[in-house]
Each structure stands twice: as C-alpha cells, then as structure tokens.
C-alpha cells in the first residue's frame, strides 16, 4: 500500500468524499435511560435524509442534538470540518422547522421570517428582499402582515419553513413538520417540500414516524430502532433489501419465512426455493407483491430439477380472506402446511373448486434478513 | 339545557350579593358625595358640587392624592424589579425545586398584614434591628431617622407586602410561553439575552401589566402601612378618607374623595385590561 500511495489521488477522494455532517458514535442517556447509542452516520451535502422510527425510538432526541437543544452524552458531531456539538444552538448554521411550527405569536408572518436576519444584523434592504423572496417561495406573500394565529396550520407550516430557509443554513432539520396536517395537505406538502429541497440545495434531515412519507421524500432513510440505527439506505434499497426482520416489517408489509438452508435450497414448510444464503437456519422476507397469481394456462414449472435454477417457484394455497384496497387487493392464503402468506395482486385471482390458488414467486425476491430480537 | 328554577337558583345569590354589598354601597357613597354636613353635624341632603369644589381647591387633598400615587408608583416599580426576576427564575431556572420556591413565595401571604407591618416597625425604628446593627458595625454614629415614619418606610413595607401579588401573574404568563418558542429563537441565532428581550419579555407583558395593576391599585388604597410606619410625611389619601369618615365626621367629603379614587382605579383597570388584551396571543 505504501508504495502505491498517491497523495494527489488520496487528497481528491477525501475532499470529494467529505460529508457535510458526520456523527461519530453519538449516544444520549437521560439518567439510566439510554435514548441513543452508538449513532454513526455521514450525510452528504445536499442530501435529503429521513430519520425514521417509531415514537420513543430516539429520533427527536437525535435531531435536538444536531440543533443543539440537547447535549450528547458521548460521541461527536462534525459539520463541514468543524466540531458542531460543542457550539450553542445560536452559533450553528443549522435551522429547525419545529413540529408545532413555533412561530412567534406577537410578530407578523413577515417579522417571523425576518427574525434570524435581524438577529444577524443584515442591512434592512437585504432583509426586505430576502424575506419577500422566501415568502414568495412558500407562496405566503399575501399573508406577510398577518399574525400567525390568523392563518391555517398548513400556512403556518410554510411560514416556519420560510423562516428557517431564509437564513440559508447549511443544514435544515425538520421535526415531523407534516404530522399536524390532514392527509391531503400532507401529501401535497411532501411534494412541495421535496421540490423545494432540490431547488435550494440545502441538506435536509427530516424526522418522521411515517414510513410512507419517508419513502416518498428521501434520498436515504436512516431507520432508528430503540436508539440504534437499524439500517441506513436509499428507499429503494431499504425496501427491496431490508437488512433485518424489523426493517422488513416496519417498511411496508412482508412475509417472514423461517427456513432451513441446505445445499443451496431453502425449505420453509411446504415451500422450497434455491438460494445463495449460507447453510443453516435463515429468515427470509418475501414482499406481498412479489407473490403473483400464476398464469394457470402456462405449464407449471414444477418437477424442478435441483440442478437447474427455476425462474419461479410455484405453490398452491387456500384463500383465507381478501381486502380490497382500490388499486390492488390484499389476499391472505394458507399453504398446505398451515403457513399463512399475504400477497398483493391487481388481478382478481382465479380460484378452483377446492378454493385453492396457484401462486408463484421468484426466488431472488426472498431476501435473507437478520432476525430482530425483541427489544423494549 | 338546565331548568328555569336551576338557573334562577344559581344566578340570584351572586347577583344579590353584588347588589347588596357592592352596588348599593357605591351608590350610597356616590349620593353622599353630593351632600354636606351642617353645623350641628347632621347630614344635609341637598345636592351640590361643594365637596368636589373643595377637593379641587384645597391643595392638601390633591397633594396627598398625588403623593399617594407617587408612593404607589414606586411600590409598583420595586415590586416589578423584585418580582420579575424571581418569577423568571421560578419559571425557567428552578427546575425540580419549582414547587418548593413557589411555596416560599406564597407563604408570606398567610402571615397577617399587621404582623408584617409591625415587623418592619421593629426593624426600622430608632432602636430597631437595622439601626442597632448599623451602629454596631460603625457604619453610622447616630441612628438613621429617615428609616421609620417616612415615605421610605411605607414604600418598603408595601413593596414587601405586594411583591407576591406582582410576581404571581408574571409567573403565570411566563409559564404560558411555549418552550419551543425559546428554542426557535435560539435556533434562529438569538443569544439568550436577545431571546429574552425579543420573545420572552414581550410575551410576558400581560402578566407584567396585571402584576403592576395589582401593586398600584392595592398600595394606592392602603392606609395601614402609612398609619403605622408613615409618620406625618408618609400620610396617604386613604388616611384622610379614614379620618373624614371617623374623627372629622365629614362623610360627604370622604365619599367624594373615595369616588375620585374609584374613578382612578376603574380607569386604570380598564386601560390595563385593554393593553393586556392587545398583548395576549393564544
């Protein structure tokens, strides 16, 4: 290694690879209660990262450490090459959109947005133009002179966003900012927020308990469970390649199959499929939409010779119940050995005289996951 | 929703109470203020403005009134200066000891007013605790005589007595400030001092006004502290009213003064309530 050392190369990769934010083994204890443990995470400039977790998973605490409202018990936080966690909140180039907006009730919308710039003693002409730009960006120019109590929740949300963004922070923290909005407005704001983030190019760390919201908006999702990072990956990867049983179940629905792997074949009750997983006990996640209703006209590819890898695995199962979801239906079926599977299908399945269905899935869709032990 | 009998049963007693013990006495007082007293000390029921004319022309009355207002203003200022920081400490810094400190603020209210006023008498007197101490420490050779029987003594005692009344509404208004506003202010770059002046103080103005109104109104009408500790130079308007209703036996003039004070107080309450409303957001 030493002989091939190229300083120019190393240097360039370092500057390119240097993340905006870097959390190093951050932990937080409240007395004996461990809220966060060993959180290490790097966030790139301009990234939209979602911290996803159930209530009590420590996600808000993590955000408050980044904002400076809580002191980490252990570990360090660095931003753009500077230690962040030792600075008071008012010296950090980090702004927050609070869960309940936290607009100053005694100030107008305009004064709220101007607050940070006034504190920073910017010239008044600059304040004026930046405030009006920020309000225009969130479509709130018409309400500049209104008091926060006179505008709706969704509008307060936009003002809170403008108030944070107008300061051009390096990092914007959003603490469940959409949780107080109704479903339709929420979906609309998700789209707007994502578009706004692309436009301004500021790094967003977004905290939510809503996995759907996380999927829609994020570049990457950091899934937090009982104070520990369960998995950090893009929405696509975290969905299709969940690392643990918990991830697989928390993000979307899944079928967890307890299987026994021997000679490259996984067997779970009546089901068996080829796998690259190592021999021994294995837990597999199979998404409901990966199980299809088989085309009964096509010849079944049974008689699967163990040597050739079949494209699909076929199975027969009894229909237990079905729930209509609009675009698709959720079916619960029971295999011959009593194992219950859930599947999602957009076609009405053909059921034979015994109430049985012909189903199939691709072995590649059965993802080996680490079992998740129960934690308090 | 409720039966007619029920509604009558719950509205009549308080209405009757207010009528008998508040409206009728005020009305009587108002009538008295236009009557006069004859040579033979009998009330003459003839309507005229002579009492008000006397108030306007005799300097002793409105000078005493002005002095009382000046004393009340100082009491208000000092109780705010003492009460606000203490309320702030209770609300933001006391943390787990909050309830204990709150009780410590409340407890003096359980002690009789007279006991507290007399306590100051023993502290401030010529041979009192304070003078003895000062002489013992050689800070002064002769006892300080301005300590007792002076406006100073009245202001000090009233400040002591009415500070809890000022503190409590301030404390309540500070408790009502959502803590995330303070975090938002810090988050937007404001230091703790900037946050105090731009967010916390403006949002506590209703409490400050309510507290100031309590201190001013209560001390303006006080007559015990000036009676016990004021001496001739610390006389307040209520002392004059007391003597007019008592020894001087001039109820009509006393009623006129009382009515003027009532107007001042009502005007003040009206004004402070309007300003409080303008500054409350919830």
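Derivation of every value follows stated rules applied to the coordinates shown; laboratory data play no part. All figures in this text were calculated on a predicted structure; none of them were measured in a lab. Note that each Cβ is placed from the backbone with ideal geometry, even for glycine, and that neighbours are counted across all protein chains shown.
Miscellaneous remarks
- Region A:18-245: Rg to Rh, with Rh as the Kirkwood radius over Cα pairs: 0.97
- Spin-label model distance (nm) - residue B:114 vs residue B:281, 7 Å beyond Cα toward Cβ: 4.9
- Virtual spin-label span in nm between residue A:354 and residue B:270, 7 Å along Cα→Cβ: 9.2
- Segment residue B:249-residue B:39, extension gain: residue separation times 0.36 nm, minus the distance between their alpha carbons: 74.5 nm
- Cα pair distances of chain B binned at 5 Å [whole percent]: 1, 5, 9, 11, 12, 13, 13, 11, 9, 7, 4, 2, 1, 0, 0, 0
- For residue A:44 and residue B:139, a Förster radius of 60 Å and the Cβ-Cβ distance give a FRET efficiency of 0.30, rounded to the nearest 0.05.
- The distance between label points at residue B:127 and residue B:70 comes to 3.3 nm (points 7 Å beyond Cα on the Cα→Cβ vector).
- Radius, Kirkwood style, for region A:44-88 when every pair of distinct Cα atoms is counted (Å): 11.8
- Look at where the Cα atoms of region B:32-66 and of region A:139-177 average out, and the two centres are 63 Å apart.
- Neighbour-count ranking [beta-carbon atoms within 10 angstrom, fewest first] of A:79, A:107: A:107, A:79
- For region B:108-253, the fraction of alpha-carbon pairs in successive 10 Å shells from zero, as %: 11, 26, 24, 20, 14, 4, 1
- Solution diffusion estimate, µm²/s, Stokes-Einstein, region B:1-130, Kirkwood Rh from C-alpha pairs, 4 °C, viscosity 1.567 mPa s: 61
- When chain B is treated as a Gaussian network with alpha carbon springs shorter than 10 Å, the biggest mean-square fluctuation among B:127, B:145, B:187 belongs to B:187.
- When chain A is treated as a GNM with alpha-carbon contacts under 10 Å, the residue of A:349, A:148, A:235 showing the greatest mean-square fluctuation is A:349.
- Remark on region A:13-117: hydrodynamic radius 15.4 angstrom, per the Kirkwood mean of 1/r across alpha carbon pairs.
- Area projected by the alpha carbon convex hull of the protein assembly as shown, averaged over all directions, nm²: 53.4
- Shape parameters for region B:91-161, alpha-carbon atoms, Rg then Dmax in Å: 16.0, 47
- Evaluating kT/(6 pi eta Rh) at 4 °C and 1.567 mPa s, with the Kirkwood radius of region A:152-263 over Cα pairs in the Stokes-Einstein relation, gives 82 µm² s⁻¹.
- Among B:21, B:214, B:201: highest mean-square fluctuation, GNM of chain B, C-alpha pairs under 10 Å: B:21
- P(r) histogram, all alpha-carbon pairs of region A:122-214 included - 5 Å bins from 0, percent: 3, 12, 24, 25, 20, 11, 4, 1, 0
- Cα convex hull volume per residue for region A:81-181 (Å³): 107
- Percentage of interatomic Cα-Cα distances in region B:28-78 larger than 18 Å: 51
- Between region B:188-263 and region A:40-88, the alpha-carbon centres lie 52 Å apart.
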